[in-house]
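Down below is the structure, laid out as C-alpha cells.
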Amino acid sequence: MGPTAGALVRLGLVLLVSLTAHCASPPAEGISPGRLDTGRADLWASTSTSLVQDFWCQPASLLSRDQLSALIRRMATQHVQLRAWQLSCLANLATLRGLQGDFQLHPPDLLLFYNLAQVREEECRAFTRRAAQGDTELLANLPDQRAALRNTALACLGGPHLQLNASDLLILGVLVCDLDAASIAAADPHVLQNLQRCPRLSPAQQEALNQLLASGRTALGPPDSWNLEGLQTLGPLATYISPSLWRQVQEAVGLDFFGSVVSECRAGRLRQREARRVVTSFLEAKAHLRPKRGTGRACMRGDITAATLRDDLFLVHYDCAQLDSCLGSHVLRANLDPLLQHPLPAECQRVVKAKLALTYPRGVPEEQLRRMASLVYLYSRAEIGQWDISSMDTLVALLASDAALNNQTEAVLQKFLDHNGTLTGALLVAIGGSRLCWMSPRQIQTIRPSEFRLAGDLDISSCPQSRKNVLFAKAREAFGGTQTPDIYYRHMRPYLGGASVEELRHLAQANVSMDIDTFTNLNPHVLQSLSLDNVTTLLGQNVGDLQKARSHPTISSWLRSLNSSSLGELGLDANPSSPTGPSHPTSRTPNTPSLVPRPAHTKDLPGNAAVVPSSGSLVAPLGYLPLAVALPSGLLWLLRGAVRTPTRTAVPTPQPPRTSWSQCHPQDRGDPEVYLDAQPGRKAGPECKGLHHV
C-alpha cells in the first residue's frame with residue numbers, strides 16, 4: 001500500500017472516531033473507505049512507537065480490557081514516552097478496567113498517576129520501586145499526588161524519619177529528589193546515585209550534598225584525595241560543588257576536571273548552563289590565589305589569539321578583566337564562535353557584548369548574530385533594533401538560548417518579520433511554544449491559521465494569562481472549522497488556558513472528559529465562574545484527580561469557593577490531610593460521564609457540522625459506516641491522526657452544499673433537547689429534518 005493509500009486508511013479510521021474537516025483530504029478516485037482491507041485488524045503487535053505516542057484517551061476508551069492491557073504493556077516494552085495529560089487519563093482508564101494490579105508490566109511513568117490508596121500493603125515496596133523509575137517531573141501539576149507518592153514510599157520503608165540505607169535507596173530511586181536536606185545528608189553515601197537523576201537540587205539539598213561530599217564518607221573519599229575519574233562519576237552533581245570544597249581539591253585534579261567540563265561544553269555534549277555552574281564555582285575558589293590588579297591594568301597574560309581560545313583552560317588563564325584587556329577587535333571578529341563556545345561567566349559575557357558594540361557600531365551583522373545565542377539576554381529592544389535578521393536560521397539560532405528572553409523575543413521576531421518573514425508551522429515548532437509567550441498580540445495575529453495547524457501541540461503552559469488569551473483566539477481561528485467536538489477538543493487542548501467561561505461550559509456539555517493536567521492550566525478567574533456541575537461534567541471520568549491536585553493554586557482557589565457539602569460530593573474532605581485520595585467512587589457518580597463518547601450539546605462549538613445522535617454513538621457519513629462494522633475499535637485510536645497535505649492531491653467529487661448541524665434550529669433537526677438559545681440565522685426546512693438519524 002503506497003503513501004497515498006496509507007493516508008486514506010488513516011483518514012477513514014479517523015472519520016469513524018470524529019470528522020476532521022480542516023486537514024482531511026478528499027478520497028482518491030477509485031478508493032472507497034468502505035472497501036478497505038479488514039484483514040489488517042490485528043495491528044497491535046506491529047504498531048510503531050510513533051503511533052502509540054499519539055495516544056488519545058477518548059478513542060482508547062472503546063478498547064476492550066484485554067486490548068487496553070496489551071496496549072499498556074507494549075508502551076512499557078517499547079519505552080513509549082507519554083506526556084502528563086495522556087498518562088493521567090490513561091491511569092484512570094486502567095484503574096476503571098481493573099488493570100492497576102498489573103503494575104509490574106506497566107510503564108513506570110504510568111504508576112506515578114495511579115490511585116495510591118489501591119496499592120496493597122504487601123505490594124508496596126514493589127510498586128514504589130517500579131514507580132521510582134519514572135519521571136516525577138510529570139507530576140508538576142499534581143503536587144498532592146507527588147507528596148503522597150513520597151509519603152507512601154517512606155511508609156513502606158517503615159516511617160518518614162529513617163536513616164536511609166543502600167537497600168532503601170534502591171527502592172526509592174528518583175523519589176529521593178523530593179526528600180529534605182537532613183534526610184539526604186544522613187543517608188547512606190549511595191544516595192549520590194539517586195541524586196544524579198534529579199533534574200535540579202534546591203539550595204538546601206545542594207548544601208546537604210556538599211556536606212556529604214566533604215565528610216569523606218562517599219566512594220570518592222575526602223576532597224583532598226579526589227581524582228579526575230572520581231569527579232567524573234558524580235555526573236551532574238559535580239556542577240553543585242561549592243567554592244569552599246574546590247579549595248580542598250588538589251589543584252592539578254581540579255584543573256583536569258575543569259578542562260574536561262569545558263571540552264564537553266564546547267563539543268555540545270554539556271549544556272552551557274551546567275558547565276557555567278562548574279566554571280563560576282571553580283574560578284571563585286581560585287580567585288583568592290590571583291594577584292590583585294587595578295582597574296586601569298594593561299594586558300598581563302598576553303594578547304588573546306585563535307590558539308588561546310582553543311585552550312580548554314582559557315578561562316583559568318584569563319579572568320574577565322584580562323579578557324577585556326587582551327581581546328582585540330580583529331580576533332573577536334574572526335573567532336566569535338570559539339570564544340562563545342566557552343561557558344563564560346556573566347561578567348565575561350558583558351565584556352564580550354561591550355567589545356562587539358565597539359567593533360560593530362552600526363549593529364552586529366547577521367552572520368555573527370547566529371553565533372550569539374548565549375548573549376541575547378543581555379540586549380535591550382533598542383539594541384536589537386539595530387540588527388538585521390532575514391534568515392529563519394538566524395532567528396532560530398538567536399531564540400535557541402536556554403534563557404527566558406522575556407524582553408528580547410518580541411524584538412528579535414519583529415526584525416525577522418520586517419524582512420517579509422513569515423511565521424511558519426516549522427518555525428513555531430523550532431522555537432518552541434514558550435517563545436510564543438513573549439510575542440506581541442500583533443505578531444501572533446500574523447500567524448496564518450494553516451501554519452498554526454501545522455505546528456501541532458505547542459506547550460504554552462508557562463505563558464502569562466494575557467498571552468494565553470490571545471493564543472486561544474488564534475487557535476480557535478485555526479481549528480474552528482473542526483466538525484466534531486472530540487476532534488475540536490483534541491486540537492484546542494493545549495490552548496484552553498485562554499478559554500472563556502462559555503467555551504468551557506460548551507466543552508463540558510460535549511463530554512470531553514478533560515484531563516487534570518489541562519484543567520490546572522485553565523484561567524483561574526474563569527474557573528471561579530464554573531459551577532460544581534460544570535466542573536464535574538467537564539472532568540468526567542477524571543473528576544477524582546482533583547484530590548491529586550488540590551494544593552495546586554488554580555485548584556485550591558476554586559475549591560475554597562465550595563462549601564463542605566460540595567466538597568463531600570467530590571469525595572474531598574474540608575481538611576486536605578489525606579493526599580492519597582479516596583479509593584471509592586465519589587458520590588457524584590451518576591452525574592459523571594464516562595470516557596465513552598456520549599451525546600454532546602455542542603451547538604456553539606465552532607464548525608460543529610457533524611451530527612451527534614441521541615444514542616450517543618460517534619457519527620460518520622454513511623459511506624464510512626461499513627468501516628465501523630469491519631474494523632475493531634482497537635484500530636480507532638492507533639491509526640487515527642490528522643492527515644497532512646498529501647504528495648498528490650486527488651480531484652474531489654463535486655458535492656452539494658451540506659447543511660451544518662449548527663445552522664439548524666433544534667426543533668427542525670428533530671432534537672429532543674431544547675437548547676438555551678436559538679441563534680439568529682439558523683436554517684429551518686426539510687434539509688434540517690432528521691439530521692440526527694444519519
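Bear in mind these aren't lab numbers, they're just calculated from the coordinates by the rules spelled out. Keep in mind that what you see is a predicted model, and the values were worked out from it rather than measured. FYI the Cβ positions are ideal-geometry reconstructions off the backbone, even for glycines, and counts take in every protein chain you see.
Could you sort 151-157, 162-168, 505-511 so that the peptide with the highest average Cβ count within 10 Å comes first and the rest follow in order?
Put in order of decreasing packing, that is 505-511, 151-157, 162-168.
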Cα centroid separation - the stretch 90-161 against the stretch 431-491, whole Å: 34
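What ranking, highest mean first, results for peptides 453-460, 82-89 when packing means the other Cβ atoms within 10 Å averaged over each residue? Can you show the working numbers first?
Working: 453-460: 17.8, 82-89: 23.1.
So the order, starting with the most tightly packed, is 82-89, 453-460.
At a temperature of 25 °C and a viscosity of 0.890 mPa s, determine how fast the stretch 144-245 diffuses translationally according to Stokes-Einstein, using the Kirkwood radius over alpha-carbon pairs as Rh; express D in µm²/s, rounded to the nearest whole number. Write down the numbers at each step before the final one.
Numbers: Rh = 14.0 Å.
Reported coefficient: 175 µm²/s.
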Gain in length, Ser329 to Ser462, computed as 0.36 nm per residue apart minus the alpha-carbon separation, to one decimal in nm? 43.9 nm
Cα-centre dipole for the stretch 393-506 with unit charges at Cβ (Lys and Arg positive, Asp and Glu negative), debye to 20: 200
Using 0.36 nm times the number of residues separating Ala354 and Cys299, minus their current alpha carbon distance, what extension gain do you get? 18.1 nm
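Does the stretch 305-407 come out rounded, prolate or oblate by the C-alpha gyration tensor, with a ≥ b ≥ c the root eigenvalues, rounded set by a/c under 1.5 and, if not, prolate when a/b is larger than b/c and oblate if not? Could you put the intermediate results ahead of the total?
Working: a/c = 1.71, a/b = 1.58, b/c = 1.09.
Judged from the Cα gyration tensor, the stretch 305-407 comes out prolate (a/c at least 1.5, a/b above b/c).
With an 8 Å cut-off on Cα pairs and a minimum separation of 6 or more residues, tell me the relative contact order of the stretch 220-359 in percent. Before the final figure, lay out the partial values.
Working: 130 pairs, mean separation 33.2, N = 140.
In percent, rounded to a whole number, it is 24.
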Computed over the stretch 220-359, Cα set: Rg, Dmax in Å: 15.4, 50
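I need the shape label for the stretch 532-576. Rule: rounded when a/c is under 1.5, else prolate if a/b > b/c, else oblate, with a, b, c from the alpha carbon gyration tensor. Don't jump to the answer; show the numbers that get you there.
On the way: a/c = 1.43, a/b = 1.18, b/c = 1.21.
It comes out rounded by the Cα gyration axes.
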